[in-house]
Amino acid sequence: MPTLPYRPQSVALAAPQPREEKMLIALGVAAGSFGAGAVALWFLLVDTLTRVPMFSPSLAGAVLLEGAAPSASVPINLSLVAGFSLVHFAAFAVFGIATTFALHALKLKAASVQGIFMIFMALNAGVLLAVLGFDPQLGVTLGWFSICGANAAAAFAMAFCLNAMPKIEDFIRE
């Protein structure tokens with residue numbers, strides 16, 4: 001039986017120790033905060049240039065918290081903006097924790113091309129599923145290109161955060 005010229009090797013995933021787990025959780029929350037902040041700033045800029053400041057979080061809050069239908073004429077409601085912002089930052093904290101554990105297990109550096117690509121693709125998949133789960137029209141109203149731009153900003157912000165933290169290399173890449 002002929003052999004293949006390439007034999008895939010198994011990948012040994014690194015399991016974190018208890019001290020490392022606490023550090024990875026803290027780093028994940030920090031990275032998630034950077035990502036959520038980058039998305040918020042992205043949409044503030046896009047909204048300011050194309051619509052009305054705070055349109056996107058107000059619309060997302062209306063859809064998520066009140067079950068409203070997405071519409072380009074949603075009035076700005078700061079309580080919906082605040083409520084959505086809390087949900088948004090909490091979701092990014094969870095995503096950041098999952099990301100740091102994944103990068104640690106795969107022994108990837110966050111600022112590497114593979115690390116940034118992994119974060120970006122996971123964000124896009126998560127946002128796509130969330131938007132389709134609530135109301136597909138939300139993605140159309142906000143603009144899919146704008147959503148992808150926000151996810152790219154978040155991926156770079158999270159990678160920057162994870163690489164800027166002291167001794168992150170000890171936990172993310174061994």
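The values are calculated or read from the model by the stated rules, or taken from the named source; none is laboratory data. Please read these numbers as outputs of a predicted model, since none were measured by experiment. Note: ideal-geometry Cβ built from the backbone for every residue, glycine included; neighbour counts use all protein chains shown.
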Of the residues in segment 102-137, those that are crowded, with 19+ Cβ neighbours inside 10 Å and in contact with an Asp or Glu (Cβ under 9 Å, 6 or more places away or on another chain) come to H104
Taking segment 61-94 and keeping only residues that are over 23 Å from T50 (Cα atoms), modelled with pLDDT under 95 and of a type in the set (A, V, I, L, M, F, W, C), one is left with L65
Counted residues in segment 32-49 being in contact (Cβ under 8 Å) with a residue 12 or more places away in the chain and either crowded, with 17+ Cβ neighbours inside 10 Å or under 16 Å from V127 (Cα atoms) (or both) come to 12
If we ask which residues in segment 56-77 are more than 15 Å from F134 (Cα to Cα), exposed (fewer than 15 other Cβ atoms within 10 Å of the Cβ) and among the polar types (S, T, N, Q), their number turns out to be 1
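Yes/no matrix, rows are residues, columns are (1) part of a loop (DSSP other than H, G, I, E, B); (2) under 13 Å from G35 (Cβ atoms); (3) touching a Phe, Trp or Tyr at 6+ places or on another chain (Cβ under 7 Å):
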position: L59; (1), (2), (3): no, no, no
position: A62; (1), (2), (3): no, no, no
position: F92; (1), (2), (3): no, yes, no
position: Q137; (1), (2), (3): no, no, no
position: G149; (1), (2), (3): no, no, yes
Within segment 45-79, residues under 24 Å from the mean Cα position of the chain (by Cα) and among the hydroxyl-bearing types (S, T, Y) come out as T48, T50, S56, S58, S79
